[in-house]
1. Is it fair to say F37 is aromatic (F, W, Y) and in contact with a Lys or Arg (Cβ under 6 Å, 6 or more places away or on another chain)?
2. Evaluate the range 5-13: report whether one residue or more is in contact with a helix residue (DSSP H, G or I) (Cβ under 6 Å, 6 or more places away or on another chain) and within 22 Å of G239 (Cα to Cα).
3. Name the single residue that is surrounded by the fewest Cβ atoms within 10 Å (Cβ to Cβ) among those in the range 12-44 being closer than 16 Å to L138 by Cα and hydrophobic (A, V, I, L, M, F, W, C).
4. Taking only pairs six or more apart or across chains, which ones have beta-carbon atoms under 6 Å, a first residue in the range 1-25 that is without any contact (Cβ under 8 Å) to a residue 40 or more places away in the chain, and a second residue that is among the charged types (D, E, K, R) and surrounded by fewer than 16 Cβ atoms within 10 Å (Cβ to Cβ)?
5. Considering the range 233-259 alone, what residues qualify as being touching a residue at least 24 places away in the same chain (Cβ under 8 Å) and not in a helix (DSSP H, G or I)?
6. Check F43, F28 and return the single one that is touching a residue at least 24 places away in the same chain (Cβ under 8 Å) and out of contact with any strand residue (DSSP E or B) (no Cβ under 6 Å at 6 or more places or on another chain).
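Every number in this text was worked out from the coordinates using simple rules, so none of it is lab data. Since the structure is predicted, the reported quantities are computational estimates derived from the model, not experimental observations. For neighbour counting, all protein chains shown are included, and Cβ atoms are generated from backbone atoms with ideal geometry for every residue, glycine included.
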Amino acid sequence: MTGFGRAEEKAGDKTFLIDIKSLNGKQFELSLKMPAFLKPFEFEIRTMLSEKLNRGTIDCTISLKESGGSKPVSINTNLARAYYKPIAELSKELGLDSSQILSAILKLPEVITPTGETLTDTEWQDFKKILEAAMEDLTLHRLDEGRSLQQELLLRIDNILARQEEVIELEPLRKTKIKEGLIKVLEENTGKDNYDPNRMEQELIYYIEKIDLTEEQVRLKNHCDYFKTILNEDGEGKGKKLSFVLQEIGREINTTGAKAYDSSIQKCVVLMKDELEKAKEQVLNVL
């Protein structure tokens, strides 16, 4: 979702420089800076950016680098007066020469503006091509970052699956340890011959079935496989879907930890949670 795009080209007798910066964000948020004579086209510019860039915190700056022959200009006297007072006070406070204040004010944004300048239909079509070029440059940066993110996310999911394999290997031993531990506690408190072994076996089977991890491991594997399938699909709009799948993966990991009753499996659960949190941080950058 992060990247930077730039385009500089002519539209008629005007040369535009467009810079677009994108950071990760849950929605589309746009900060747009542009010359005043482009205000009539602001809605169309915002629509183009929204449709192309989809999501993210976008900062777009459109600058007019140079213009053709001389054109009539107007001075925004109210704005110039608003600039003058604080600048004059600062100049006096610092003991600076105040004779150059006017020339400095005239260089400030929007003080001097071309009179009645706007874009012709042809210039507007050329401008749209410049904007599209800047967005395409940004998209290329996003794609480069996306390839790195894809490898990072695949690594995190593979690490979770590796820990899951350890859990599956530890599961039979865990059941044996639980069974032996319960029998030992029972014999220590009631005596070896003071309980019904058959009834004890039935209760043990019921108890062990209640803490069985098979279903959780099957679902965890399915969620991880589905995550990898989505990640390898073409197109945009995967970020939210991947985030939802990570929530399901986290649910199965948490249930595994709650039912483990085994220190070795708990260590695997902690490692899986660590990988999951890293994946959640990275998936925020996915469109």
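1. Numbers: aromatic (F, W, Y): yes; in contact with a Lys or Arg (Cβ under 6 Å, 6 or more places away or on another chain): no.
For F37, the condition - aromatic (F, W, Y) and in contact with a Lys or Arg (Cβ under 6 Å, 6 or more places away or on another chain) - is not met.
2. Within the range 5-13 (the criterion being in contact with a helix residue (DSSP H, G or I) (Cβ under 6 Å, 6 or more places away or on another chain) and within 22 Å of G239 (Cα to Cα)), the answer is yes, since at least one residue qualifies.
3. Only one residue fits best here, namely L23.
4. Listed pairs, sorted by first residue: none to list.
5. Filtering the range 233-259 down to residues touching a residue at least 24 places away in the same chain (Cβ under 8 Å) leaves 236-239, 242-243, 246, 248-250, 252-253, 255-256, 259.
If the condition is that a residue be touching a residue at least 24 places away in the same chain (Cβ under 8 Å) and not in a helix (DSSP H, G or I), then E236, G237, K238 are the ones that fit.
6. Values: F43 fails: touching a residue at least 24 places away in the same chain (Cβ under 8 Å).
Sole residue among the options that is touching a residue at least 24 places away in the same chain (Cβ under 8 Å) and out of contact with any strand residue (DSSP E or B) (no Cβ under 6 Å at 6 or more places or on another chain): F28.
Listed here are the residues, each with its yes/no results for (1) among the β-branched types (V, I, T); (2) touching a strand residue (DSSP E or B) at 6+ places or on another chain (Cβ under 6 Å); (3) surrounded by fewer than 16 Cβ atoms within 10 Å (Cβ to Cβ).
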{"site": "A80", "(1), (2), (3)": "no, no, no"}
{"site": "E89", "(1), (2), (3)": "no, no, yes"}
{"site": "E93", "(1), (2), (3)": "no, no, yes"}
{"site": "T120", "(1), (2), (3)": "yes, no, yes"}
{"site": "A134", "(1), (2), (3)": "no, yes, no"}
